[in-house]
Amino acid sequence: MKKLLFIAAIILSMATGVVAQKGFKTTTTGLKYKFLFQGKGKKPQLNDVITLGIIARNSKDSIIDNTYDKARPLRFPLKGAAFKGALEEGFLLMGEGDSAVFLVKSDSLYDAKKGNPRPSFVAAGSMVQFTVKLDKVQSFEAFKKERHEHYLNQKEKDDKAITAYLNAKGLKSTKTASGLHCVTLTEGAGVTPLKGNNVVIHYTAMLLAGEKKFDSSYDKKIPFDFSLGWGLVIKGVDEGIANMKEGEKRLLLIPSYLAYGEKGQKDIVPADAPVLYEVELLKVTNDK
């Protein structure tokens, strides 16, 4: 029964929007809060990693952010509050499984001098409402262990998928220590780029599963250029181009952790998806 009442409270809060300030408590720093459900779950400490869901609304009841729309839940290490009455103070009041509503002063939340100007849809002097559900509390050490286990599992899974693709196509690849597979389609005779060199490429990017194209410089009819080795492209492309020769065309079969990882790429690349890049290195210039 308690669980049903808790779910009903969450649904009601999401549906009705701004909660009347009646029944709110106020901390000594000015943060207003009201619990929708409060249990006896583990409470976070500073530097713990918390996983939560948040719906933010302005004073006109318009949703200005909703983490439930994202592919992955919101998760981050809990740091100290940036100002008095900040949302971080509210997180420290909660326990694992709790749900609460917090009201934060918009004039404190936004600060143009710190590069965070107040958007037009949030009125000066108003309160921004956050409906928060705290799902999980982990020590940073436990979080790192979980991430490492996920990496090992995903690495094995991706390598199996890439190997199966190569076998199905009758292709032989060179595998790097990182797990990247490279297949040379056309030999090159030019120079090999160094870190910091400007490289000009043509490429077609596809999901490995189903070979679904999601990007192509050929379609744009404009080659793509960037400075190699500075993280301006996904890791698998940076690494794959680093030992190509000018004029070479290569197939890069990239595991998810060297591509778009757990988050994926908006609605284009799913989470934990290995990708396939066909790359042609057109030109290398020394811009170091």
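The values are calculated or read from the model by the stated rules, or taken from the named source; none is laboratory data. Everything numeric in this text was worked out from a predicted model, so none of it was measured. Cβ coordinates were reconstructed from backbone atoms using ideal geometry, including for glycine residues, and neighbour counts include every protein chain displayed. Side chains included, ligands, DNA and RNA excluded: accessible areas come from the protein's heavy atoms. Shrake-Rupley method; radii C 1.70, N 1.55, O 1.52, S 1.80 Å.
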Would you check the accessible area of K25, probe 1.4 Å, heavy atoms only, in square angstrom rounded to 10?
-> 130
The chain, Rg to Rh (Cα coordinates; Rh as Kirkwood inverse mean 1/r) | 1.09
Enumerate the lysines that K70 could reach by cross-link, defined here as Cα to Cα under 16 Å, with residues fewer than 8 away along the same chain left out.
-> K133, K263, K266
For the stretch 110-121, take each phi angle, set θ = phi - 60°, evaluate the Karplus expression 6.51 cos²θ - 1.76 cosθ + 1.60, and give the result in whole Hz per residue in order, putting x for glycine and proline.
-> 10, 8, 4, 5, 9, x, 10, x, 6, x, 5, 7
Tilt, helix 140-169 to longest principal axis of the chain (alpha-carbon atoms), in degrees rounded to tens, equals 40
For the chain, report the accessible area per residue in Å² (1.4 Å probe, heavy atoms, rounded to an integer).
-> 56
Of the candidates S126, L251, V275, the farthest towards the positive dipole end of the chain (Lys/Arg Cβ +1, Asp/Glu Cβ -1, centred on the Cα centre) is S126
Exposure rank, largest accessible area first [D267, D272; 1.4 Å] | D267, D272
Local electrostatic count, S126, Cβ distance below 14 Å [Lys/Arg +1, Asp/Glu -1] | +3
On the first, second and third principal axes, largest extent first, how far apart are the outermost C-alpha atoms of the stretch 67-200 in Å?
-> 64, 37, 26
Where in the stretch 58-139 are there chymotrypsin sites (Phe, Trp or Tyr not before Pro) that are in a DSSP coil and have at most 14 other Cβ atoms within 10 angstrom of their Cβ?
-> F121
Using the Kirkwood formula over every pair of different C-alpha atoms, what hydrodynamic radius in Å results for the stretch 127-246?
-> 17.8
To the nearest 10 Å², what's Y277's accessible area with a 1.4 Å probe?
-> 20
Computed over the Cα atoms of the stretch 55-122, what is the convex hull's projected area averaged over all directions, in nm²?
-> 5.6
Please get the size of the charge dipole for the stretch 39-158, origin at its Cα centre, with Cβ charges of +1 on Lys and Arg and -1 on Asp and Glu, quoted in debye to the nearest 20.
-> 140
Once the mean 1/r over all distinct Cα pairs of the stretch 88-153 is inverted, what Kirkwood radius in angstroms do you read off?
-> 14.7
What do you get for Rg/Rh over the stretch 230-288 if you use C-alpha atoms and the Kirkwood form of Rh?
-> 1.03
Crossing angle, helix 2-16 versus the chain [Cα axis fit, 0-90 degrees, rounded to tens] | 80
